[in-house]
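Peer 1: Quick one: this structure, given as structure tokens, is what I'll be asking you about.
The values are calculated or read from the model by the stated rules, or taken from the named source; none is laboratory data. These numbers were taken from a predicted model, which means no experiment stands behind them. Note that we place each Cβ from the backbone using ideal geometry, even for glycine, and neighbour counts take in every protein chain shown.
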């Protein structure tokens, strides 16, 4: 019993820190997406069972039609919801990685500022192009006929 209470307190503290995070430093969406998927599975199943029951109450042939159609509807709807939730997951993971890259970029700019004087020491001098003399150019041609 004590274990359950301590676990519930830990979950409560965790939700408080996530829900009361005014600066949005932590993403809660990634943790809610699996819950959304489970709720889609449950509600879709219940809705299709209710549809089949209602179809059988109206007419046996309508019930049979809904019974045959419900697996297809279930697969289509759950697949579409799964794709949307996966897209959201990818978007949030890209956001997390972009946050990490921006932190890395800031640290690299600090390192660059420190090493810029050394880089100037080892820079190559620009090479000036050599101009050709007039002797290297071919004589003009007269194209008149």
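Peer 1: Return yes or no: is residue 50 modelled with pLDDT under 90, farther than 26 Å from residue 86 by Cα and part of a helix (DSSP H, G or I)? Steps first, please.
Peer 2: On the way: modelled with pLDDT under 90: no; farther than 26 Å from residue 86 by Cα: yes; part of a helix (DSSP H, G or I): yes.
No; evaluated as a whole, the condition is false for this residue.
Peer 1: Of these, 35, 41, which one is within 24 Å of residue 89 (Cβ to Cβ) and either part of a loop (DSSP other than H, G, I, E, B) or at pLDDT 95 or above (or both)?
Peer 2: It is 41.
Peer 1: From the list 124, 131, exactly one residue is over 30 Å from residue 46 (Cα atoms), surrounded by fewer than 10 Cβ atoms within 10 Å (Cβ to Cβ) and either touching a strand residue (DSSP E or B) at 6+ places or on another chain (Cβ under 8 Å) or at pLDDT 70 or above (or both). Which is it?
Peer 2: 124
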